[in-house]
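As structure tokens, the structure follows; a few thoughts come after it.
The values are calculated or read from the model by the stated rules, or taken from the named source; none is laboratory data. A quick note: this is a predicted structure, and the numbers were derived from the prediction, not measured. Reconstructed Cβ throughout: ideal geometry from the backbone, glycine too, with neighbour counts over all protein chains shown. Only protein heavy atoms, including side chains, enter the accessible area calculation; ligands, DNA and RNA are left aside. Shrake-Rupley method; radii C 1.70, N 1.55, O 1.52, S 1.80 Å.
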Amino acid sequence: MLLILIMKVIANLGLCVSVYDIRRIDGGFIFPGDGAPTYTVECRLLVFRPFVGEIIDAKLKEFDKDGLRLSMGFFDDIYIPFHLLPHPSRFEPDLENGNRFRWIWEYREANGENEADQASGTVYPIDEIGETIRFRVQSVNYPSIPLEQPKDSKPFAPMVITGSLDNDGLGPISWWE
């Protein structure tokens with residue numbers, strides 16, 4: 001009955017994960033010409049709706065020059081745009097792995113009082129699909145449904161989470177172990 005709500009995004013509310021309980025069922029009438037009984041159901045739902053600033057772990061699903069795409073298994077529309085990656089980051093070819101591309105964060109430790117005195121940095125790659133990445137939620141958006149969608153575009157996502165890795169302790173878990 002309420003299975004139509006499971007794993008569906010309810011605009012400005014979040015992703016319905018489960019029905020918690022059913023409070024009341026009213027009605028039981030039949031619309032003329034329909035033949036199916038119709039009920040009004042009051043229930044409570046378990047909803048995935050992260051708040052801005054929340055720290056979440058997800059798996060790296062894919063990446064390109066625009067940034068990273070992460071997945072939590074039950075939700076795949078998490079994006080980390082390039083400007084929210086640790087600074088300084090760059091997208092470059094990985095010559096050791098068949099000319100695949102990867103994101104690189106170059107951590108520079110300050111040796112002096114100004115940035116000109118910084119030594120060369122340690123390189124941390126982001127290139128392993130399936131790697132666990134910790135991120136901070138920057139925004140949760142519910143885009144309006146498009147009337148038409150170009151043939152070559154990505155499928156419509158009713159809820160999009162934008163995240164950031166530009167803070168201490170964020171990024172691939174392997175960086176901090």
- Task: Quickly work out the Arg102-to-Ile173 label distance, labels modelled 7 Å from Cα along the C-beta direction, and quote it in nm with one decimal.
- Result: 2.0
- In Å², what does the accessible area per residue of the chain work out to with a 1.4 Å probe? 66
- Note on the structure: Filtering trypsin sites (Lys or Arg not before Pro) in the stretch 1-109 by DSSP loop and by at most 15 other Cβ atoms within 10 Å leaves Lys8, Lys65, Arg108
- Query: Around Gly27, what is the net charge, scoring Lys/Arg as +1 and Asp/Glu as -1 over all other residues with Cβ under 15 Å from its Cβ?
  - Reply: -1
- Kirkwood estimate for the chain, i.e. one over the average of 1/r between Cα atoms, Å: 19.5
- What part of the accessible area of the stretch 43-177, given as a whole %, is carbon or sulfur when the probe is 1.4 angstrom? 49
